Amino acid sequence: MSDSVYHIGTQDLPLTGRVNQIPKKAVEEYYTSGHRTCQGCESALIMRLMAKAAGPRSIILGSTGCMYVANTTYYSTPWVVPWMHTQLGSAGSAATGTAAALRALMRKGKMKEEPINVIAFCGDGGGADMGVSSISAALMHTQYNILIICYDNESYANTDIQISGASPWGANTTFTPPGKKIRIMHKNWKKNIAAMYAVGHTKCNYVATADASYPADMIDKVRKGLKEPGPSFIHTLDPCPKGWDYDPFYSHKLGELAVESGLFPLWEMTNNELTYTGISARQVYGNRKRKSIREYLETQGRFHHFIEEDYEYFQSEVNKMWDNWSMPGVIPFKLGEDPSKKK
Ligand SMILES: Cc1ncc(C[n+]2csc(CCOP(=O)(O)OP(=O)(O)O)c2C)c(N)n1
Ligand code: SF4
Ligand SMILES: [Mg+2]
């Protein structure tokens, strides 16, 4: 085996395709009771689906954030598989380091040679802001099979809902409260996280978006990411009752509305080919209409200061993502005119 192309192997993980084919038995849960996340926390559901998809021969690493703190209260944890905490900006380096360590142990005969999944997760603070350099480096190390999942609750939630690069335009966060003089404190559009990694790392074989409201799609994407040789990246959008300020009953509905409105399209890029999945596929390739963004925004307290012009602005920006971008909701630029032909 050559040193430059050493893969720790991939597991034979069958795709589920349909929700009734997802493993149901309790023995197939590797993220179980023992956590203290809020009621209705979709990030916790992402952890559960991710662990279910990956199975028992997995090592999971997590950077600081809700999914570290709420999952590792002293003497209690939901993790059935080996789990390790890493520093807030280090999901990428923790994953590469763990894969490299497994490689060394197997090469030295200290471990049986077998495919072991290495998955690192991080929040949007850890995956879209503070950890970008470490994830970028990990996606360049094509000799290691790893999967990085950025669970995006659209704020630095664990430290009380501070704004992140993934927070949506206009949202009320502890750093951007609406005031009497300035109603909209947060004027940036959300970072385009998965596409940023896909476009910038052309040898990364698998990048996708997912949403726990579509569990079969999510599980299959985790399995595809783990099966593809080399590093993979998945970005999930996770409704967060505390940070988004809504009744936990609506978590699933909000996950659906994010996709149905076109705000968060589901897609996957495999070996540089991009395909939309689920409802997004029907919107892009078929004639399924996008829902208005209004219900999504009105269900959440973080947008309750919006007036008519704010709803209209938000909708117009979502429309631009679909009407003006060369790949709806994914690639924002187009080929410009040949400058030599301009007068
Ligand atoms: C280097 C560093 N800076 C700040 C902190 C404090 N801190 C702990 S968790 C956290 C929020 C992380 O946000 P995110 O990655 O989005 O995860 P979430 O809490 O939303 O799940 C912060 C700022 C830290 N642990 N390390
Ligand atoms: S604050 Fe949000 S992400 Fe954190 S545990 Fe609660 S619901 Fe989950
Ligand atoms: Mg977050």
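Against the conditions (1) within 16 Å of ligand 1 (Cβ to nearest atom); (2) in a helix (DSSP H, G or I); (3) surrounded by 19 or more Cβ atoms within 10 Å (Cβ to Cβ), where does residue 133 fall short? Just the number, please.
(3)
Can you work out which of the residues in the stretch 43-82 that are of a type in the set (A, V, I, L, M, F, W, C) and assigned to a strand (DSSP E or B) is farthest from ligand 1 (Cβ to nearest atom)?
59
Within the stretch 108-130, which residues are within 20 Å of residue 55 (Cα to Cα) and either touching a residue at least 12 places away in the same chain (Cβ under 8 Å) or surrounded by 17 or more Cβ atoms within 10 Å (Cβ to Cβ) (or both)?
113, 114, 115, 116, 117, 118, 119, 120, 121, 122
Name the residues in the stretch 214-242 that are under 20 Å from residue 154 (Cα atoms) and either over 16 Å from the mean Cα position of the chain (by Cα) or free of Cβ contacts under 8 Å to residues at least 60 places away in the same chain (or both), would you?
241, 242
Got at least one residue in the stretch 152-171 being surrounded by 24 or more Cβ atoms within 10 Å (Cβ to Cβ) and more than 21 Å from the chain's Cα centre (by Cα)?
no
I'd like to check something: does the stretch 46-55 contain any residue that is away from ligand 2 (no atom under 16 Å from the Cβ) and either surrounded by fewer than 24 Cβ atoms within 10 Å (Cβ to Cβ) or more than 27 Å from residue 241 (Cα to Cα) (or both)?
Yes, the stretch 46-55 has at least one match.
Across the stretch 167-177, what is the number of residues that are touching a Leu at 6+ places or on another chain (Cβ under 9 Å) and within 13 Å of ligand 3 (Cβ to nearest atom)?
Counting residues in the stretch 167-177 that are touching a Leu at 6+ places or on another chain (Cβ under 9 Å) and within 13 Å of ligand 3 (Cβ to nearest atom) gives 1.
Quick one: residue 24 ticks every box in (1) surrounded by 13 or more Cβ atoms within 10 Å (Cβ to Cβ); (2) without any contact (Cβ under 8 Å) to a residue 40 or more places away in the chain except a single one, so which number is it?
(1)
Could you grab me the full set of residues in the stretch 92-128 that are more than 16 Å from ligand 2 (Cβ to nearest atom) and under 18 Å from the mean Cα position of the chain (by Cα)?
92, 93, 94, 95, 117, 118, 119, 120 - these are the residues of the stretch 92-128 that are more than 16 Å from ligand 2 (Cβ to nearest atom) and under 18 Å from the mean Cα position of the chain (by Cα).
Among the candidates 105, 147, single out the residue that is in contact (Cβ under 8 Å) with a residue 12 or more places away in the chain, away from ligand 1 (no atom under 16 Å from the Cβ), within 19 Å of residue 82 (Cβ to Cβ) and hydrophobic (A, V, I, L, M, F, W, C).
The match here is 147.
Quick one: which helices (runs of 4 or more DSSP H) lie wholly within the stretch 223-286 and hold at least 1 residues that are farther than 16 Å from residue 204 by Cα, of a type in the set (S, T, N, Q) and modelled with pLDDT of 95 or more?
251-260, 278-285
Collect the residues in the stretch 83-109 that are outside any strand (DSSP E or B), aliphatic (A, V, I, L, M) and under 21 Å from residue 157 (Cα atoms), keeping them in residue-number order.
88, 91
Scan the stretch 194-206 and give yes if some residue there is closer than 20 Å to residue 329 by Cβ, in contact with a strand residue (DSSP E or B) (Cβ under 9 Å, 6 or more places away or on another chain), part of a loop (DSSP other than H, G, I, E, B) and away from ligand 1 (no atom under 16 Å from the Cβ), otherwise no.
Looking through the stretch 194-206, at least one residue is closer than 20 Å to residue 329 by Cβ, in contact with a strand residue (DSSP E or B) (Cβ under 9 Å, 6 or more places away or on another chain), part of a loop (DSSP other than H, G, I, E, B) and away from ligand 1 (no atom under 16 Å from the Cβ).
Residue check: is residue 90 within 16 Å of ligand 3 (Cβ to nearest atom), of a type in the set (Ser, Thr, Tyr) and either touching a strand residue (DSSP E or B) at 6+ places or on another chain (Cβ under 9 Å) or under 25 Å from residue 220 (Cβ atoms) (or both)?
Considered against the rule, which asks whether it is within 16 Å of ligand 3 (Cβ to nearest atom), of a type in the set (Ser, Thr, Tyr) and either touching a strand residue (DSSP E or B) at 6+ places or on another chain (Cβ under 9 Å) or under 25 Å from residue 220 (Cβ atoms) (or both), residue 90 comes out as yes.
Within the stretch 291-328, can you find the residues that are closer than 18 Å to residue 252 by Cα and not aromatic (Phe, Trp, Tyr)?
291, 292, 293, 294, 295, 297, 298, 299, 300, 301, 302
Residue-by-condition table, conditions (1) surrounded by 10 or more Cβ atoms within 10 Å (Cβ to Cβ); (2) within 25 Å of residue 245 (Cβ to Cβ):
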position	(1), (2)
283	yes, no
288	yes, no
298	yes, yes
303	yes, yes
315	yes, yes
323	no, no
331	yes, no
335	no, no
340	no, no
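The values are calculated or read from the model by the stated rules, or taken from the named source; none is laboratory data. None of these values were measured; they are calculated from a predicted model. Neighbour counts run over all protein chains shown; Cβ positions are idealised from the backbone, glycine included.
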